Amino acid sequence: MNLIQIKDVSFNYPTKKDTLKHVSFDVKKGTFTCIVGENGSGKSTLLKCILNLNKGYTGEIIKPERIGYLPQKNFIQSNFPASIEEVVLSGTIGNNIKSIFYKKEDKETAKKVMKELEIYDIRKTCFADLSGGQQQRVLIARALCATDEIIILDEPTNGLDPSISIQIYELLDALKNNDNITILMVSHDIERATTYADEVIELEDGEIKFIGTPSSFKQGGAK
Amino acid sequence: MVQTLIEMMSHAFIQRAMLVGTLVSLCAALLGVSLVLKRYSMIGDGLSHVGFGVLTVATALGVSSPLYIAIPIVTITAIVLLRIGNNSKIKSDSSIALISSSALAIGVAITSVTTGMNTDVCNFMFGSILAMSKGDVVLSVVVSIIVALLFIIYYRKLFTVTFDEDFAKASGLKAGRYTNLIAVLTALVIVVGMRMMGVMLISSIIIFPALTSMLLFKSFKKVIISSGIISVLSFLIGIYLSYLYNISTGATIVIVNLVIFILFFIIDKIINE
């Protein structure tokens, strides 16, 4: 079953033409898909179109109503006073957007996710005091509070030590296998992306250059 | 001390100032946390200068209740400043400085050709608890209650947007709407607080409590609560000292805020040793 269908999507920024050119692909339910490519190839732009952060694209995107999102990390300030619990709980905001306070079920969801990701015992800790890897774990927990279907991640291992990066990939892999959560992520790290992904999509100058399994991607890359 | 307090509270103007000051300090502190985190610390300064410009023009034109004119104009300025963001040609910190000094200059120029630097103008600049009429008090109380209520109603959304705007947008929140809300609320607090704190000092009650709280507290909720308490406490101590030693109220409140900030700074250093 296709969870996301991208049909002939093109997008231009006011200052940059042809950021995306006629991109089409599907993301199957319960798979791990990696989008790779150079800087400026349109990877993040594509994610933002899927998430409705970029308006005015042409073509069609069919997607579930609720998507968990992990933005590129540099948006969050280093001295922001927020506990892990507050950050994770804020992930539920889209579930009951009209209500004034968090509902009991939101708090339950947050608790369940924090336990699963082993951050429940440190939930009162300040987000800013965590290591890079732990911060990503918290942001993945926040994304999971928004959905139990699919999470979209924008370079979640950027700036992390290789050993910590592997932990993040292992975690995503476990979420896919144990909870049947679909993973769509953008990555620079082609080697590890191809180790864990079921499908690799390579973008170049806003167009799909390659789409297929990691093994055929590696063969293509070796040429 | 008790006797001084009783004597102090017997004055109607002090009672009015206490009421308005407590509410305005609370609101300023609530909004201050979001503004400091969004790096808009200086917006209070800019808006109060615009307020000063409007008040001088209104006074020169003989308008009887200049606050009613100041509120819409300062609100529009606030929205423009917050919405400019960092994407435009002139960065937001520069645009605040630009608008701030221009408005102050216009205000001072108009004052020079009309009334000159009289007590009224001095009161605008440095605040006076005597300056508030009954109408001002009612307006200030109503505005403060609206600000506090809206803050509570939108608390979790304001947190989500302040922490991570992109995630908030992806969750379906209209992030721009909450930026506007903060802008409008800030403008309201500035205008009603300006009479008491003065144009030069009002921005400090927005910034100080938030910065002080962020030294020690590490969750958003605790920082908000602590800011509210510090702000109200600084106001009450400030107005008492100002009455006792006959010092300018606005200045005393800022100094009390500064002392608490230094205290927290030292406590933080001791804890982290």
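The values are calculated or read from the model by the stated rules, or taken from the named source; none is laboratory data. All of these numbers come straight from a predicted model, not from anything done at the bench. Neighbour counts run over all protein chains shown; Cβ positions are idealised from the backbone, glycine included.
Between B:VAL138, B:VAL147, B:VAL74, which is surrounded by fewer than 20 Cβ atoms within 10 Å (Cβ to Cβ) and either over 26 Å from B:ALA251 (Cβ atoms) or at pLDDT 90 or above (or both)?
None of the other options fit; the residue is B:VAL138.
Does A:ALA174 qualify as being aliphatic (A, V, I, L, M) and surrounded by fewer than 15 Cβ atoms within 10 Å (Cβ to Cβ)?
Yes.
Within the stretch A:28-72, can you find the residues that are assigned to a loop (DSSP other than H, G, I, E, B) and of a type in the set (Lys, Arg)?
Across the stretch A:28-72, the qualifying residues are A:LYS29, A:LYS55, A:LYS63, A:ARG66.
Pairs please, first residue from the stretch B:21-41 and over 22 Å from B:ASP93 (Cα atoms), second anywhere and among the aromatic types (Phe, Trp, Tyr) and buried (at least 23 other Cβ atoms within 10 Å of the Cβ), Cβ atoms under 6 Å, 6+ apart in sequence or on different chains.
B:GLY21/B:PHE235; B:SER25/B:PHE235
Residues to consider are A:ILE190, A:ILE164, A:ILE201, A:ILE168; find the one that is buried (at least 23 other Cβ atoms within 10 Å of the Cβ) and either acidic (Asp, Glu) or assigned by TED's automatic domain parsing to the domain that holds A:CYS49 (or both).
A:ILE201
Do the conditions hold for A:ILE50, that is, is it in the same structural domain as A:LEU184 (by TED's automatic domain parsing), exposed (fewer than 13 other Cβ atoms within 10 Å of the Cβ) and under 24 Å from A:LEU175 (Cα atoms)?
no
When only residues in the stretch A:119-135 that are within 13 Å of another protein chain (Cβ to nearest Cβ) and among the polar types (S, T, N, Q) count, which is farthest from A:ASP173 (Cα to Cα)?
A:THR125
Of the numbered conditions (1) within 14 Å of another protein chain (Cβ to nearest Cβ); (2) more than 14 Å from B:VAL33 (Cα to Cα); (3) not in a helix (DSSP H, G or I), B:LYS218 fails exactly one; give the number of that condition.
(2)
Being over 15 Å from A:ALA146 (Cα atoms) and either at pLDDT 90 or above or of a type in the set (Gly, Ala, Ser) (or both) is the requirement here; does A:LEU70 meet it?
Answer is no for this residue.
Just to be sure I understand, how many residues within the stretch A:90-118 are of a type in the set (A, V, I, L, M, F, W, C) and facing another protein chain (nearest Cβ under 8 Å)?
4
Taking the stretch B:231-270, which residues are in a helix (DSSP H, G or I) and either within 14 Å of chain A (Cβ to nearest Cβ) or among the polar types (S, T, N, Q) (or both)?
If the condition is that a residue be in a helix (DSSP H, G or I) and either within 14 Å of chain A (Cβ to nearest Cβ) or among the polar types (S, T, N, Q) (or both), then B:SER231, B:SER234, B:SER242, B:THR249, B:THR252, B:ASN257, B:PHE264, B:ASP268 are the ones that fit.
Quick one: B:ARG156 ticks every box in (1) under 13 Å from B:ALA28 (Cα atoms); (2) within 14 Å of chain A (Cβ to nearest Cβ); (3) out of contact with any helix residue (DSSP H, G or I) (no Cβ under 6 Å at 6 or more places or on another chain) bar one, so which box is it?
(1)
May I ask you to say which residue of A:THR182, A:THR157 is in contact with a Leu (Cβ under 6 Å, 6 or more places away or on another chain) and under 29 Å from A:GLY40 (Cα atoms)?
None of the others qualify; the one that does is A:THR182.
In this structure, does A:LYS209 turn out to be at pLDDT 90 or above, closer than 22 Å to A:GLN5 by Cβ and either of a type in the set (D, E, K, R) or assigned to a loop (DSSP other than H, G, I, E, B) (or both)?
no
Of all residues in the stretch A:51-89, which are at the interface with another protein chain (Cβ under 9 Å from one of its Cβ atoms) and small (Gly, Ala, Ser)?
Scanning the stretch A:51-89 gives A:GLY68, A:ALA82, A:SER83.
Please determine, by comparing only the residues of the stretch B:10-52 that are hydroxyl-bearing (Ser, Thr, Tyr) and not in a helix (DSSP H, G or I), which one is farthest from B:ASP120 (Cα to Cα).
My answer is B:TYR40.
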